[in-house]
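Asker: Sharing a structure below in structure tokens format, with a few things to ask.
The values are calculated or read from the model by the stated rules, or taken from the named source; none is laboratory data. Quick caveat: nothing in here was measured; it's all calculated off a predicted structure. Don't worry about glycine lacking a Cβ; one is built from the backbone with ideal geometry, like all the others, and counts go over all protein chains shown. For the accessible areas, the whole protein counts, side chains as well, though only heavy atoms, and no ligand, DNA or RNA atoms are used. Shrake-Rupley method; radii C 1.70, N 1.55, O 1.52, S 1.80 Å.
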Amino acid sequence: MNKKTYLLAVLLCIGASLFSQSTLSGYIKDADSGETLIGATVYIPSLAAGTTSNEYGFYSLTVASGTYEVEYAYLGFDTKKMEIVLTENLTKDVELGEDVVELVEVVVTSEAEDKNITNTEMSVNKLDIRTITKMPALLGEVDVIRSIQLLPGVSTVGEGATGFNVRGGGVDQNLVLLDEAPVYNSSHLFGFFSVFNPDAVKDVKLFKGGIPARYGGRLSSILDVRMKEGNSKKLAVSGGVGFIFSRLSVEAPIIKDKASFIIAGRRSYIDILSKPFLNDDLADTALNFYDLTLKTNYKISDKDRVYLSGYLGRDNFRFSENAGFDWGNRTATLRWNHLFSDKLFSNFTTYYSNYDYQIKFGADNGDSFDWDAQIVNYSLKADVSYFLNPKNLITFGGQGIMYEFSPGNAVSLAQGEETEFSVPKKYALEAGVFVENEQTINDKLSMQYGLRLSYFNYMGEGFAYTFEEILPGERKLLTGVSEKFDQWQSIENYINLEPRASIKYQLNSTASTKLSYNRMAQYLHLISNSTAASPLDVWLPSTNNLKPQIADQFAIGYFQNFKKNKYVTSLELYYKNFQNQVDYIDGADLFVNELIEAELLSGQGRAYGLELQVEKKKGQFSGWVSYTLSRSERKVLALNNDDWYASRFDQTHNLSATMFYELNKSWTFSTNFVFNTGTPATFPTGRIEQQGYVIPEVSNNVRNNVRIPPYHRLDVSATFRGKKYDQKRWKSEWVFSAYNVYNRRNPFSIFFQQEEQRAASGDPIRTQAIRLSVIGSIIPSVAYNFKF
């Protein structure tokens with residue numbers, strides 16, 4: 001071999017060693033239960049390169065071949081360090097054990113301690129289920145929905161209101177997902193409890209802005225709730241007994257480390273406890289709710305795993321055999337994870353979701369009125385993640401959703417004669433495709449950007465109506481009815497491009513600033529003109545008369561941590577512009593109305609605000625304070641003098657404080673304080689007296705011209721565990737709590753009524769304002785929780 005050939009061979013060897021790459025991939029799990037860990041970090045210090053595990057615990061990291069020390073970490077768990085030789089692609093599953101010291105501290109997020117400043121995501125909140133379970137709770141039952149209402153930018157119009165509001169949006173503008181299936185009513189008992197059993201919940205993530213392109217269908221937020229897979233190591237049982245309901249969950253391996261299941265159930269029993277005290281007229285009273293959650297999974301091979309999950313829940317309010325109402329959700333999700341390679345991860349999902357609601361009243365079986373409605377979904381979805389390199393994670397996929405709407409089926413029975421008056425079913429197809437990339441430009445700059453293309457098709461069987469606006473703000477005139485469309489025949493369709501982008505710039509090791517923009521399209525509408533959404537409101541699709549809702553949101557934020565991430569702060573500013581927002585004519589007829597589109601108005605909206613959050617994450621005393629200064633407004637032609645008016649869920653100030661104190665290993669104390677500006681309401685501006693009766697008058701069609709008094713509340717709780725709680729197989733705790741400690745009678749609404757006694761001739765007719773409070777006193781409770 002001559003010198004030139006030898007030199008070339010050496011250069012080729014050096015080049016091969018420099019440019020050959022290997023991929024380290026696998027799953028990160030909890031060593032105790034086998035549950036995959038979402039957002040666990042994998043880091044190689046010598047390369048300053050790393051990644052995080054996805055929603056299924058999978059990670060993939062491609063680096064130059066060599067020998068490295070790799071760190072696997074997850075907050076609340078022991079960090080595992082190991083030397084790994086990467087000469088070829090390597091699959092490495094890792095199990096992390098819980099850090100006993102961390103268990104006495106509050107875990108506000110399950111990811112890296114400085115994730116809030118290093119991650120490109122903004123306007124995202126993640127609450128660990130262990131934090132949720134430590135918060136003071138109504139009647140001792142911890143709750144996912146009530147917990148997120150303590151975060152900046154999230155609010156509710158009051159006690160007894162279902163759902164939640166995010167950054168000036170309505171309750172229908174939040175997409176609530178349970179294992180990827182939509183839940184249309186996330187509340188039990190008119191909003192006092194959520195449908196999510198805390199014993200079955202694994203992860204809760206709320207997107208308020210900078211929403212990734214893989215999500216679509218709602219304007220304001222995505223609440224992504226992931227269920228546990230079930231303990232794949234051993235039998236685990238947990239539950240609790242409270243004043244009005246109890247819960248129990250069982251999880252166990254079917255085949256150890258290969259297949260497992262979890263089943264969790266809850267039921268309230270206030271009607272059972274009160275039955276001995278009810279007279280014969282109320283013997284058939286039923287006031288209860290229940291839910292059942294089930295999930296199982298099976299590892300087919302190292303590259304394939306399937307998951308099957310389901311939910312069934314219902315609220316029953318029956319006052320007699322012939323009178324009452326009820327509502328409920330049913331979902332089922334089947335998912336298949338497949339690894340095409342060490343760098344290409346895929347998930348395929350199909351789900352079914354059904355939300356129905358019913359009313360029944362009548363004197364007897366011969367005279368009655370029955371009404372029911374529902375919305376049913378069927379969906380197919382594919383998501384593929386390509387871990388191109390440590391600086392680029394490309395995700396793409398698509399989804400199709402078939403909708404079936406039953407806006408109202410009513411049957412009246414009068415003296416045995418039956419009359420049916422129902423609104424015909426409506427059908428629609430929604431589809432979307434997306435692509436996005438999470439890219440690290442350099443040590444300081446990173447981006448997440450993507451594009452979603454959404455399509456909506458309003459279809460037959462049915463008729464299409466056309467209306468003419470005679471006077472702005474008045475009921476529209478029906479001017480035409482089409483020929484009947486066949487089943488699945490297109491009546492109207494819409495296409496929208498939805499760009500998304502987030503940018504993070506790292507100022508230093510403890511601070512960063514971020515920007516985000518997202519456009520969202522929503523093709524469903526919740527028809528409700530009450531102060532708060534109720535379980536009996538009607539869902540409708542976009543039609544030839546009802547346009548899709550569109551929102552553009554811009555946000556900027558500053559994030560900084562102090563004292564080695566002991567203190568975490570964030571400040572965000574946002575502005576949202578809404579198109580095609582639904583409002584209603586005065587006296588709108590929304591109940592069992594086939595021509596309901598004639599009652600609807602369309603306008604624009606805007607919302608803007610400032611969100612501030614300060615957290616103390618470590619130590620005996622921990623917690624957070626959040627404050628939101630915001631404005632949410634609507635503008636509809638012919639309403640409020642054609643000027644902007646506050647939306648019904650507008651709250652100028654929203655302050656909450658959540659604190660935890662670990663006295664010792666036996667006693668934990670926590671408290672919540674909430675203060676919200678009162679919500680807007682429309683009060684009469686004058687009145688007309690006629691034949692001894694007062695008729696209220698609202699001049700110039702004004703909307704939301706006053707505010708009800710502010711809402712504020714203090715809750716406290718104390719949790720007692722045995723001294724050797726962590727060492728016992730049977731672990732139990734007592735939770736003592738008090739809701740609304742200082743007996744505040746927070747107004748839910750204010751209405752006016754005329755005094756019953758008729759005024760004498762010549763005397764003024766007296767009217768009075770009535771303040772309705774759902775809860776007006778302290779509610780103490782005791783709950784016993786256990787697990788083994």
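Asker: State which residue is farthest from Asn577 (Cα to Cα) when the search covers only segment 621-672 and only residues that are within 23 Å of the chain's Cα centre (by Cα) and open to solvent by 70 Å² or more (accessible area, probe 1.4 Å).
Answerer: Ranking the candidates gives His653 first.
Asker: Right, here's the next one. Name the residues in segment 149-162 that are modelled with pLDDT of 90 or more, aliphatic (A, V, I, L, M) and surrounded by 24 or more Cβ atoms within 10 Å (Cβ to Cβ), would you?
Answerer: Val154
Asker: Residue check: is Phe559 in contact with a helix residue (DSSP H, G or I) (Cβ under 8 Å, 6 or more places away or on another chain), in contact (Cβ under 8 Å) with a residue 40 or more places away in the chain and of a type in the set (Phe, Trp, Tyr)?
Answerer: yes
Asker: Being of a type in the set (Lys, Arg) and touching a Pro at 6+ places or on another chain (Cβ under 9 Å) is the filter here, so list the residues in segment 219-239 that pass it.
Answerer: Lys233, Lys234 - these are the residues of segment 219-239 that are of a type in the set (Lys, Arg) and touching a Pro at 6+ places or on another chain (Cβ under 9 Å).
Asker: Test of understanding: among Phe261, Phe207, Phe243, which residue is modelled with pLDDT of 95 or more, over 30 Å from Pro152 (Cα atoms) and either among the aromatic types (Phe, Trp, Tyr) or under 16 Å from the mean Cα position of the chain (by Cα) (or both)?
Answerer: Phe261
Asker: Related question: Just wondering, is there one or more residues in segment 546-555 that are over 16 Å from Phe405 (Cα atoms) and open to solvent by 40 Å² or more (accessible area, probe 1.4 Å)?
Answerer: Yes; the residues of segment 546-555 include at least one that is over 16 Å from Phe405 (Cα atoms) and open to solvent by 40 Å² or more (accessible area, probe 1.4 Å).
Asker: Suppose we filter segment 440-450 for residues that are open to solvent by 50 Å² or more (accessible area, probe 1.4 Å) and within 24 Å of the chain's Cα centre (by Cα); how many remain?
Answerer: Counting residues in segment 440-450 that are open to solvent by 50 Å² or more (accessible area, probe 1.4 Å) and within 24 Å of the chain's Cα centre (by Cα) gives 1.
Asker: When the residues of segment 410-439 are narrowed to those that are open to solvent by 50 Å² or more (accessible area, probe 1.4 Å) and among the polar types (S, T, N, Q), which ends up farthest from the chain's Cα centre (by Cα)?
Answerer: The selected residue is Gln415.
Asker: Only one residue in Glu71, Glu88 is open to solvent by 40 Å² or more (accessible area, probe 1.4 Å), at pLDDT 75 or above and assigned to a strand (DSSP E or B), so which one is that?
Answerer: Of the residues listed, the single one that is open to solvent by 40 Å² or more (accessible area, probe 1.4 Å), at pLDDT 75 or above and assigned to a strand (DSSP E or B) is Glu71.
Asker: Is it true that Asn125 is out of contact with any Ser or Thr (no Cβ under 6 Å at 6 or more places or on another chain), outside any loop (DSSP other than H, G, I, E, B) and over 29 Å from Gly242 (Cβ atoms)?
Answerer: Answer is no for this residue.
Table: residues versus (1) among the polar types (S, T, N, Q); (2) at pLDDT below 95; (3) surrounded by 20 or more Cβ atoms within 10 Å (Cβ to Cβ).
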{"residue": "Leu478", "(1), (2), (3)": "no, yes, no"}
{"residue": "Tyr523", "(1), (2), (3)": "no, no, yes"}
{"residue": "Leu526", "(1), (2), (3)": "no, yes, no"}
{"residue": "Asn529", "(1), (2), (3)": "yes, yes, no"}
{"residue": "Ser542", "(1), (2), (3)": "yes, no, yes"}
{"residue": "Phe559", "(1), (2), (3)": "no, no, yes"}
{"residue": "Lys566", "(1), (2), (3)": "no, yes, no"}
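Asker: Need at least 3 residues that are more than 19 Å from Val674 (Cα to Cα), open to solvent by less than 50 Å² (accessible area, probe 1.4 Å) and in contact with a strand residue (DSSP E or B) (Cβ under 6 Å, 6 or more places away or on another chain) per element, so show me which strands (runs of 3 or more DSSP E) inside segment 698-755 make the cut, counting only ones lying wholly within it.
Answerer: In segment 698-755, 731-739 are the strands (runs of 3 or more DSSP E) which contain 3 or more residues that are more than 19 Å from Val674 (Cα to Cα), open to solvent by less than 50 Å² (accessible area, probe 1.4 Å) and in contact with a strand residue (DSSP E or B) (Cβ under 6 Å, 6 or more places away or on another chain).
Asker: Determine which member of the set Tyr505, Tyr458, Tyr517 is over 23 Å from the mean Cα position of the chain (by Cα) and open to solvent by 20 Å² or more (accessible area, probe 1.4 Å).
Answerer: Tyr505
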